[in-house]
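Derivation of every value follows stated rules applied to the coordinates shown; laboratory data play no part. Computed from a predicted structure; not experimentally measured.
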C-alpha cells in the first residue's frame, strides 16, 4: 500500500508554504526523495544540510533558527 503513495504527485495539490530540511549524509532516507518533492511542491522550499544525519537536524540550532524565521515570515 505505501508503495502506491507518491509524494511528488500528492504535493502538487497542496498550496501552503512549506520548509523542508534534508541532510545529504542521511543514510535512512535518500536526499533525492526530498529533492523530487521540493521540485513538485511549488510553495515548498528545501534546505539541504551536511553532516547532521537523519535525526541530527532536530538538534541543530541553525535549523531551529531557520524554522523560527520561516514561521515569523
> Which one, [x] -0.48, -0.92, -1.24; [y] -0.35, -0.73, -1.48; [z] -0.53, -0.88, -1.18, gives log10 I(q)/I(0) by the Debye sum over Cα atoms at q = 0.14, 0.20, 0.28 Å⁻¹ as derived from the coordinates shown?
Replying inline: [x]
> If you average the sequence gap of Cα pairs under 8 Å that are 6 or more apart and divide by the length of the chain, what percent do you get for the contact order?
Replying inline: 34
